[in-house]
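Visitor: After the structure tokens below, expect a handful of questions from me.
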Amino acid sequence: MVEMTHGTLATPTRPAPLLFVIPAYNEEANIERLFADLESHTEITGAAARIVIVDDGSADATPRLVEQYGGALPIELLRFEQNQGPGAAFRAGFESVLADAPADALVVTMEADTTGDLAALPRMLARASSDADVVLADWRMQNVAAHRKLLSAAAGYVVRKMLGLDAKTVSSFFRVYRASVLQGAFGRYGDDLIQEPGFACKAEILAKLASMRVRIVEEPVNLDWSRREGESKMPVLRTMLAYWRMLVRQRTAAQEPAGL
């Protein structure tokens, strides 16, 4: 039976296309495992329209391994000649996938080091398809160094208190956005949507989306640091200073009279 709605034929329900943006910097030891992880999830292989790996000026074999990928996933390489930081990588990746994205597409961002458990992705996608505009990974940390846990907890606390965001994990790359929300955010902020070059860019994006009154939820996700090879790329002290810089800029902007 065909349902009629407002005088038009209803179309069969189809999964929203998935658009991935994955920054990678010197991840030659992890990138092939990332591809294997992605391939093992049918909700990804069946719905992924584009998977854009943004190589952030890697000095190792990361871009070559991406270019040599011959599997079933729609992998694309977007490459910087020099390292510019996650902020620039996300900006370029978003601009690429949003250029021709349908409004109902879902944009997935994640770390390239395979520490985040992809088993949580179906739940995150379901929330983004129903009652949320942005779905954050709320990390359940395993085998994570104490100073990394402290940085994550401190960043979350400061951002919650200073910006009034009700979120525990503000720095994780692992998120799902409605494409229409990101398109609206770029329409409102332009290039200023992402001003922070480093890891604080994720809190910055979250703060600006929250100011647009979008629906933000969290889903628990296991983070297993033992899965990654190599050292973290996050400079702890520099990232903490960047959080404070971002917070000052956000609060200053919020206090400026409209129209200035």
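The values are calculated or read from the model by the stated rules, or taken from the named source; none is laboratory data. Keep in mind that what you see is a predicted model, and the values were worked out from it rather than measured. Glycine gets a Cβ as well: all are built from the backbone with ideal geometry, and neighbour counts include every protein chain shown.
Visitor: Output the helices (runs of 4 or more DSSP H) that fall wholly within the stretch 122-236 and possess 2 or more residues being modelled with pLDDT of 90 or more, or say none.
Guide: Per the criteria, 179-189, 201-211.
Visitor: A16 is checked against (1) surrounded by 12 or more Cβ atoms within 10 Å (Cβ to Cβ); (2) modelled with pLDDT of 95 or more; (3) hydrophobic (A, V, I, L, M, F, W, C); (4) farther than 19 Å from T114 by Cα and fails just one. What number does that condition carry?
Guide: Unmet condition: (2).
Visitor: Does the stretch 35-45 hold any residues that are modelled with pLDDT under 85 and loosely packed, with under 13 Cβ neighbours inside 10 Å, and which are they?
Guide: Listed by number, the list holds a single entry, T42.
Visitor: Looking at this structure, is D100 modelled with pLDDT under 95, in contact with a helix residue (DSSP H, G or I) (Cβ under 8 Å, 6 or more places away or on another chain) and of a type outside the set (S, T, N, Q)?
Guide: Here the answer is no, as D100 does not meet what is asked.
Visitor: Can I ask one more? Please count how many residues of the stretch 30-53 are in a strand (DSSP E or B) and touching a residue at least 40 places away in the same chain (Cβ under 8 Å).
Guide: Qualifying residue count for the region: 4.
Visitor: May I ask you to say which residue of E76, E81 is touching a strand residue (DSSP E or B) at 6+ places or on another chain (Cβ under 7 Å) and either crowded, with 21+ Cβ neighbours inside 10 Å or modelled with pLDDT of 95 or more (or both)?
Guide: E76
Visitor: Anything in the stretch 180-192 that is under 28 Å from L34 (Cα atoms) and surrounded by fewer than 22 Cβ atoms within 10 Å (Cβ to Cβ)? List them, or say none.
Guide: Kept after step one, since they are under 28 Å from L34 (Cα atoms), are these residues of the stretch 180-192: 180-183.
Correct list: S180, V181, Q183.
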